[in-house]
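Working notes, structure below.
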Amino acid sequence: MWPFNWKGASGFSGSSTAEQVTHGIDASGLTSIVTGASSGIGAETTRVLALRGVHVIMAVRNKVAANDIKEAILKEIPSAKIDIMELDLSSMESVKKFASEFNSSGLPLNILINNAGVMACPFTLSKDNIELQFATNHLGHFLLTNLLLDTMKKTARESKIEGRIVNVSSGAHKFAYSEGIRFDKINDQSSYSNWRAYGQSKLANILHANELARRLKDDGENIIANSIHPGAIFTNLYRYTSILGILNVVGKLVMKNVQQGAATTCYVALHTQVKGIGGEYFVDSNIAKTSSHGRDTDLAKKLWDFSMDLIKDK
């Protein structure tokens, strides 16, 4: 793990674990939704948030797998507060159903972690006829955040505790299509590149967080929104790639483990160092620089309007 030992201004590095970056933090009384919480860094994020006292809602497609994770966490942390709710981010109907059920539950919402995703899959259309990576990684989370925002605002006002939204992006945003977001070619199969489409969706995660942070600040809301790159982690995201065999051999040498991979998410979600900071991109629990597209405010606004049109049409 020698490449990840350099510590940034936060005092943490790429080798820091989620437990280490949240050490000493008491988050009792907070409630968080974690999408894609049934495996990988989503599961570890759930475990560490629960360890720090957060009531975690696991938003998942596979409730059986999620229940296995929940039972394992409860065995380790008997006091953990964890609930499971079904959510398929590739379906706007599922997102709307989830948000409606959560909003009517009366639960507060302090932290929203938009973690779930698919990576480099073959060209596929979602149930709403939108390219699957864009639909799942960006649009589903965009709609979910939009539908939960009033509950987050209410929670922040009543509790006087800063709300936090974390979009799990990727360094792969730098390898998006040359124009950044292909607004007029989202569903163009003929020019589809599985990796560039993945990069496009991860760029969208950053632009979404940036524009959301700007809007929340302008409205005077006590909520921050940021994006993060968890690092290269060997999880089941790689199931569509042809490098699986190579990763099995060298993964432990050049990639983070899940405990390290969840660190930046947990840091941005809970640490006091992040208080009041919005519209930033974090890598290895430190503020980092995105591609030029990731800093393009006009592109962020255009994506916001484009996304609003897509969710209004369904």
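Structure above, values below:
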{"item": "Answer from V60, V56, V48, V34 - the residue that is within 30 Å of M308 (Cβ to Cβ), surrounded by 17 or more Cβ atoms within 10 Å (Cβ to Cβ) and touching a residue at least 60 places away in the same chain (Cβ under 8 Å)", "result": "V34"}
{"item": "2 or more residues within 24 Å of N137 (Cα to Cα): qualifying helices (runs of 4 or more DSSP H) within the range 1-112", "result": "40-51, 63-76, 92-103"}
{"item": "Sole residue being under 23 Å from S28 (Cα atoms) and at pLDDT 95 or above, chosen from L107, L147, L143", "result": "L107"}
{"item": "Search result, residues across the range 266-314 that are surrounded by fewer than 15 Cβ atoms within 10 Å (Cβ to Cβ), closer than 25 Å to G220 by Cβ and among the acidic types (D, E)", "result": "D298, D305"}
{"item": "Residue that is farthest from T31 (Cα to Cα) [pool: residues in the range 267-297 that are aliphatic (A, V, I, L, M) and assigned to a helix (DSSP H, G or I)]", "result": "V274"}
{"item": "Given (1) touching a Ser or Thr at 6+ places or on another chain (Cβ under 8 Å); (2) without any contact (Cβ under 8 Å) to a residue 60 or more places away in the chain, index of the condition E179 fails", "result": "(1)"}
{"item": "The range 139-160 residues that are touching a residue at least 60 places away in the same chain (Cβ under 8 Å), paired with ones that are assigned to a helix (DSSP H, G or I) and charged (D, E, K, R) (beta carbon under 8 Å, 6 or more apart)", "result": "L143/K96"}
{"item": "Residue within the range 136-146 that is surrounded by 24 or more Cβ atoms within 10 Å (Cβ to Cβ), out of contact with any Phe, Trp or Tyr (no Cβ under 9 Å at 6 or more places or on another chain) and under 17 Å from L49 (Cβ atoms) present", "result": "no"}
{"item": "Residue list for the range 214-237, restricted to those being more than 15 Å from the chain's Cα centre (by Cα) and at pLDDT 95 or above", "result": "R214, R215, L216, K217, D218, D219, G220, E221, N222, I223"}
{"item": "Given (1) touching a Gly at 6+ places or on another chain (Cβ under 9 Å); (2) within 30 Å of H173 (Cα to Cα), number of the condition A66 does not satisfy", "result": "(1)"}
{"item": "Condition broken by A300, with the remaining ones in (1) assigned to a loop (DSSP other than H, G, I, E, B); (2) at pLDDT 95 or above satisfied", "result": "(1)"}
{"item": "Residue in the range 186-205 that is in a loop (DSSP other than H, G, I, E, B), of a type in the set (K, R) and either surrounded by fewer than 24 Cβ atoms within 10 Å (Cβ to Cβ) or at pLDDT below 95 (or both) present", "result": "no"}
{"item": "Candidate set from the range 28-73 (those that are under 21 Å from T264 (Cβ atoms) and among the charged types (D, E, K, R)); member that is nearest to the chain's Cα centre (by Cα)", "result": "E44"}
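Here's the yes/no breakdown for (1) basic (K, R); (2) under 15 Å from the mean Cα position of the chain (by Cα):
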| residue | (1), (2) |
| --- | --- |
| K75 | yes, no |
| D83 | no, no |
| L87 | no, yes |
| A99 | no, no |
| S105 | no, no |
| N114 | no, yes |
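The values are calculated or read from the model by the stated rules, or taken from the named source; none is laboratory data. These numbers come from a predicted model, not from an experiment. Virtual Cβ from ideal backbone geometry, glycine too; neighbours counted across all protein chains shown.
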